[in-house]
Amino acid sequence: MTGPPKDLRLSRNYLDEFREYPEGMSKSGNGFRSWSIGNNSTGDFDMMLTTTTLYALILIAIWFVLWTRVTSARSALNCSIGDRGDLALLQKIRRHGNFIEWVPLVLVLMVLAEAQGADALWLHAAGILLVVGRLAHPFGLQIDNAGHPLRYVGNGTNILAVLVLAIALVRIVTGL
């Protein structure tokens, strides 16, 4: 064996077949073995979550716009907590809140999938769905129109992103 499997998933049974560790592999103190990625001389696993990071950076920009809109409206109304019955502020709060409800879950699932060696196609599919959903949803979340098409696009793409990552993680865990 000259290196780690393509997807970097190593089971104990797989590793126990070898009496010697291939170059870059070590036994850590907890009994598990890990691959050294990059220039790490200790043999520890250096995780580079570049795909998830790419989407997180894009989402930071969306979050900042939503947060700024809430903060500006609160400041204009001199309102620290709640919405003071102002429907425009309530709408901004919900747009930001919906972002906060979805994005952490999907990013955590992306981190889990990427860290376990999920194919980039799964990660990009989920990341694109998440970004599209987060861009569409604020425009579709209208006080007077619960059935706005962009609201469905926003929530639908987020559900699909979770589903894509759930499938990727099931494939990783089961070896399918």
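Taken together, the values in this text are just the output of simple stated rules run on the coordinates, not laboratory data. The structure presented is a predicted model; accordingly, all values stated were derived computationally and were not measured. All Cβ positions, even for glycine, are placed from backbone atoms using ideal geometry, and neighbour counts span all protein chains on display.
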Practice item. State the Cα centre-to-centre distance between the range 148-166 and the range 65-136 in whole Å. Key: 13
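Tell me which chymotrypsin sites (Phe, Trp or Tyr not before Pro) from the range 103-165 have a DSSP coil assignment and no more than 13 other beta carbons within 10 Å of their own.
Numbers: sites: W122, F139, Y152; in loops: none.
Answer in residue order: no site qualifies.
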Study note, to complete from the structure: Here the range 122-131 yields Karplus 3J(HN,Hα) values (6.51, -1.76, 1.60; θ = phi - 60°; whole Hz; Gly and Pro given as x) of 5, 5, 5, 4, 5, x, 5, 4, 4, 5
Review point. Given H placed on each backbone N at 1.01 Å, which residues far from A118 in sequence or on other chains put an amide H within less than 5 Å of it?
Key: none
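In the range 50-174, how does Rg compare with the Kirkwood Rh, expressed as the Rg/Rh ratio over alpha carbon atoms?
Details: Rg = 16.1 Å, Rh = 15.3 Å.
Rg divided by Rh gives 1.05.
Which net charge results when you count Lys and Arg as +1 and Asp and Glu as -1 among the other residues whose beta-carbon is under 12 Å from that of A76?
Working: positive: R69, R74, R84, K92; negative: D86.
Its environment carries a net charge of +3.
Could you tell me the calculated FRET efficiency between S80 and L169, based on Cβ-Cβ distance and R0 = 41 angstrom, to the nearest 0.05?
On the way: r = 40 Å, r/R0 = 0.98.
Working from the Cβ atoms, E equals 0.55.
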